[in-house]
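Below: one structure, written as structure tokens.
Values quoted throughout were computed directly from the atomic coordinates according to the rules given, and no laboratory measurement underlies them. Predicted model, so just to flag it, every value in this text is computed and none were measured. Ideal geometry is used to build each Cβ from the backbone, glycine not excepted, and the neighbour counts take in all protein chains shown.
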Amino acid sequence: MRILFLSNIATVILDIVAWTLFHLSIGYSCSKISIERFNPEKWWYQTKSWEKGGEIYQKLFHVKNWKKLIPSGAALYRNAYEIKHLTNLSAENVRFWLKESCRSEFCHFAMIFPGFLFFLWNSVEAGRWMLVYAILNNLVPIVMQRYNRPRVCKVLAQLERKSKQKGEIAISYDPQTALLNTYE
């Protein structure tokens, strides 16, 4: 329900400023949430049977054709994790990447909800377009995470099998929390 009536130019400017602020503030806020809160084993993040190991996204959206073209939003935030940080294919690094993929999915779902606020100062039709934008703009990275996560889980399972076959002791190392209690 529209409660703020502005000129068309003022509305467009407000839309641009609002989207910029929503994207940046939600992205920043999500980057500050402890990585431990993002568990790939939780129901929400687990691959559903209908996703067929992520292949449904390849069939519907041809993810392999465009996923490398999508920039990482993590580049906007200091010390944020980017896929290029996954240089060492160890089980610990892959586990960390899986948690970061959950963070990314959560963040992009959160970025959809402000789309409803645009009805407060836009016409119903423009509000609908803002909501469509919110969904489509965030669906792309969500689909990428849903496509990649089951594939990376398979890599992790292979790494863990190899580690057990070699009789190695798996030591869990989480770079986000490793030094937290060092000086106590």
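Just a few scattered comments:
- The string of couplings for the stretch 54-61 from the Karplus curve (6.51, -1.76, 1.60, θ = phi - 60°) is x, 5, 4, 6, 5, 5, 7, 10 Hz, one whole number per residue in order, with x for Gly and Pro.
- Furthest towards positive pole of dipole, Gly73, Ile112, Val94, structure part the stretch 8-165, Cβ charges: Val94
- Highest-fluctuation residue, Ala126, Ala91, Ala110 considered, GNM on the chain with Cα pairs under 10 Å: Ala126
- Ellipsoid fit via the Cα gyration tensor, the stretch 83-166: semi-axes of 39, 10, 8 Å, each the root of five times an eigenvalue, largest first.
- Across every direction, the projection of the convex hull enclosing the Cα atoms of the chain has a mean area of 14.4 nm².
- The helix-based estimate of mean residue ellipticity at 222 nm for the chain, built from -39,500 (n - 2.57) per DSSP H run of four or more residues and divided by its residue count, is -18500 deg cm²/dmol to the nearest 500.
- Computed FRET value (nearest 0.05) for Glu41 with Phe61, which takes r as the C-beta separation and R₀ as 35 Å: 0.85
- Most to least packed among 100-109, 154-163 [average Cβ atoms within 10 Å]: 100-109, 154-163
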